[in-house]
Amino acid sequence: MSPQPFDSLKGFAVTFRQMFKKPITQQYPEYKRPVYPRFRGRHRLWRHENGLEKCVGCSLCAAACPADCIRVVAAENTPGNRVSPGERYARIYEINLSRCIFCGYCELACPFDAITLEAEFEISEYSRDDLIYTKDMLLAEPVKRMPVADRDLYDTPTPVWKAES
Amino acid sequence: MAVAETKRAIYEGTRIPSPIPSVLQVDPGLREEGDILEVNFGPNHPSTHGVLRLIVELNGEKVVGLQAVVGYLHTGFEKNMEAKTYWKAITYPERIDYVSFQNNELVFVLAIEKLLGIEPPPKAQWMRMLLCELNRIHSHLVWLGTAALELGAISMFWYCFRERDAILDLFELVGGVRMHTRYFQAGGLAEDIPQGFYDECRAFADTMEKRVDDYEALLSGQAIWLERTKGVGLLSAEDAIALGQSGPVLRASGVDWDLRKVQPYLVYDQVDFEVPVYPNGDVYDRYKVHMDEMRQSTRIVQQALHGMPEGPWIVDDRKIVLPPRHELHTSMESLIHHFKLVTEGYRVPEGEVYVTVESPRGELGCYLVSDGGPKPWRVKFRAPSFVALEATATCMSDALVADLIAIVGSLDTVMGEVDR
């Protein structure tokens, strides 16, 4: 029960040593630590190189979502209005990011690599309605660019969800 | 259960009348004197470890009555899981105990695997053990940081969260997100282990041992810390067993009981570690158990890094595991399996299992009933936090209000797990 003076000094020594160490604080808004390549942030929908959308509106992502935050309404492609290479395309594609739990099951489920979870994590808004991302928002090139760590070192050669075909 | 007889305990025997109470009743004689003050402690108090509400009855500074009110964080996880396929339900248990997420995920996945009768490959087993031990260190760091903070040692919080962040970085590296990774899947791991993980994890494990010594130097011998923790919140071995305690609370009461040793799961029988046991059952011993467990977990992490076998990380069973991506565009059969697994899920044979793991808080059990369909018929978790909370009243005899903070903190309850 009786503390030794030596023990107190040991505690002070730990505190004292901290003065000679570099601070680990990261100046966050100015400096952003590169996220690891597997990081699952905001979703992104992709297009083929010829401009057509990869998504064919199969709703498999909506079926896989444990939080039920994806809504897909498909419509038929017509010769006059061709949006995706398949028979159908997603007329409405909405993700409610206030419900999303970022589990990444949608990108695992998508058989066409149309949806992926990218590095962006600064997605707070002032209104909950603004967190419902529509198809245009998801297809657009993200405004913010997040640094990503070396993919060769911190990911397997072919990521499970992104193997090209 | 062998009671360690290294040192004599402060008190032996039991002070629990039968039937076992989980509330502390005020002595009727005291109440008649009219000197009892009823105080609400929580639910929104920074020292209550979450949204725990305690109705405390005080006689002066002394706690004479105590009643816990739980349920503020009830979200119905277990019921929700009944409406999801097994694959989707894996994301739920992690959120029950958000501090030891990896262990919660493990117990559910182990339950599914036991019903399915599949054995994950060795690499998955070792990686699961490694991540669970990292998660144990993470959980103990959060406990140490917050419990010491509540007793006034603010700097502990900064030190602990420095290391916690390093662990969360490792989870982000390997699992994609910092906390709820859903990295364990039925049959193995969701993805292979990236090369960079080994170096980063080894660098962390090398520093961690020294860091635990630093924490001990800051707390163990300090007069204020000893005054606040020694001989406070006593729980004897008999009482702890009678109350169904497990984990650090039980081991601090002198009972050598660790599911990793007595009932090894994963590959815990292939690694060398010790189970810290302390005899007194006070807050200080619970603190010492947590510190020693962090050291032992670091040892397991180092051994797991050393002994990690090569090979596949998930079983090759197309009825359970999603087919490889590159096959989706070449093999019609794979595409059909992919659609079936995502929309309908795999069917688990009829039966019921109870699987336990040693989570950072004690025996974490998952009782899973399957009716043969793709969704669990019933899921029930045996939450160690809930059991630990039941010991509050027994720990509280002759305690002051200030000790209440130390005792509730030392029991290491996570309210998400209590309320589920």
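Results for (1) assigned to a helix (DSSP H, G or I); (2) open to solvent by 10 Å² or more (accessible area, probe 1.4 Å), shown as yes or no for each residue.
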residue: B:TYR265; (1), (2): no, yes
residue: B:VAL277; (1), (2): no, yes
residue: B:GLY281; (1), (2): no, no
residue: B:TYR284; (1), (2): yes, yes
residue: B:HIS290; (1), (2): yes, no
residue: B:SER297; (1), (2): yes, no
residue: B:ILE300; (1), (2): yes, no
residue: B:GLU310; (1), (2): no, yes
residue: B:ILE320; (1), (2): no, yes
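Any idea which of B:ILE167, B:ILE154, B:ILE137 is farther than 20 Å from A:GLY104 by Cβ, of a type in the set (A, V, I, L, M) and open to solvent by 30 Å² or more (accessible area, probe 1.4 Å)?
B:ILE154
For the stretch A:28-41, state whether one or more residues are open to solvent by 40 Å² or more (accessible area, probe 1.4 Å), touching a Lys or Arg at 6+ places or on another chain (Cβ under 7 Å), more than 11 Å from chain B (Cβ to nearest Cβ) and of a type outside the set (Ser, Thr, Tyr).
For the stretch A:28-41, residues open to solvent by 40 Å² or more (accessible area, probe 1.4 Å), touching a Lys or Arg at 6+ places or on another chain (Cβ under 7 Å), more than 11 Å from chain B (Cβ to nearest Cβ) and of a type outside the set (Ser, Thr, Tyr): absent.
A:PHE121 versus (1) farther than 18 Å from B:ALA190 by Cα; (2) of a type in the set (A, V, I, L, M, F, W, C); (3) crowded, with 19+ Cβ neighbours inside 10 Å: which is the lone unmet condition?
(3)
Here are A:ALA67, A:ALA62, A:ALA74: which of them is outside any loop (DSSP other than H, G, I, E, B), of a type in the set (A, V, I, L, M) and within 11 Å of another protein chain (Cβ to nearest Cβ)?
After applying the criteria, what remains is A:ALA62.
Restricting the search to the stretch B:64-119, which residues are of a type outside the set (A, V, I, L, M, F, W, C), in a helix (DSSP H, G or I), within 14 Å of another protein chain (Cβ to nearest Cβ) and open to solvent by less than 10 Å² (accessible area, probe 1.4 Å)?
B:TYR86, B:PRO93, B:GLU94, B:GLU105 - these are the residues of the stretch B:64-119 that are of a type outside the set (A, V, I, L, M, F, W, C), in a helix (DSSP H, G or I), within 14 Å of another protein chain (Cβ to nearest Cβ) and open to solvent by less than 10 Å² (accessible area, probe 1.4 Å).
Out of curiosity, is A:PHE6 outside any strand (DSSP E or B) and either under 19 Å from A:GLU118 (Cα atoms) or more than 8 Å from chain B (Cβ to nearest Cβ) (or both)?
no
Looking only at the stretch A:82-108, count how many residues are within 15 Å of the chain's Cα centre (by Cα) and either away from chain B (no Cβ under 14 Å) or of a type in the set (A, V, I, L, M) (or both).
6
For every residue, the table says whether it meets (1) within 12 Å of chain A (Cβ to nearest Cβ); (2) touching a Gly at 6+ places or on another chain (Cβ under 7 Å); (3) within 30 Å of B:LEU400 (Cα to Cα).
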residue: B:ALA153; (1), (2), (3): yes, no, yes
residue: B:TRP158; (1), (2), (3): yes, no, yes
residue: B:ALA166; (1), (2), (3): yes, no, no
residue: B:THR181; (1), (2), (3): yes, yes, no
residue: B:GLN185; (1), (2), (3): yes, no, no
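May I ask you to say which residue of B:GLU227, B:GLU238 is more than 24 Å from the chain's Cα centre (by Cα), among the acidic types (Asp, Glu) and farther than 21 Å from B:THR298 by Cα?
B:GLU227
Could you say which residue among B:LEU235, B:LEU144, B:LEU170, B:LEU134 is in contact with a Leu (Cβ under 9 Å, 6 or more places away or on another chain) and outside any helix (DSSP H, G or I)?
Result of the check over B:LEU235, B:LEU144, B:LEU170, B:LEU134: B:LEU235.
Take the stretch B:236-266 and flag every residue that is in contact (Cβ under 8 Å) with a residue 60 or more places away in the chain and within 16 Å of B:ARG136 (Cα to Cα).
Answer for the stretch B:236-266, where residues must be in contact (Cβ under 8 Å) with a residue 60 or more places away in the chain and within 16 Å of B:ARG136 (Cα to Cα): B:SER246, B:GLY247, B:PRO248, B:VAL249, B:ASP258, B:LEU259, B:ARG260, B:TYR265, B:LEU266.
Taking only pairs six or more apart or across chains, which ones have beta-carbon atoms under 7 Å, a first residue in the stretch B:68-80 that is among the β-branched types (Val, Ile, Thr), and a second residue that is part of a loop (DSSP other than H, G, I, E, B) and open to solvent by less than 70 Å² (accessible area, probe 1.4 Å)?
Sorted first by the residue in the stretch B:68-80, then by its partner, the pairs are B:VAL70/B:LEU52.
Can you go through B:LEU305, B:LEU341 and tell me which one is open to solvent by less than 90 Å² (accessible area, probe 1.4 Å), more than 11 Å from chain A (Cβ to nearest Cβ) and at negative phi?
Of the residues listed, the single one that is open to solvent by less than 90 Å² (accessible area, probe 1.4 Å), more than 11 Å from chain A (Cβ to nearest Cβ) and at negative phi is B:LEU305.
The values are calculated or read from the model by the stated rules, or taken from the named source; none is laboratory data. It should be emphasised that the depicted structure is a prediction, and the values quoted were computed from it without experimental measurement. Counting neighbours? That spans all protein chains shown, and the Cβs are built from the backbone with ideal geometry, glycine included. Side chains included, ligands, DNA and RNA excluded: accessible areas come from the protein's heavy atoms. Shrake-Rupley method; radii C 1.70, N 1.55, O 1.52, S 1.80 Å.
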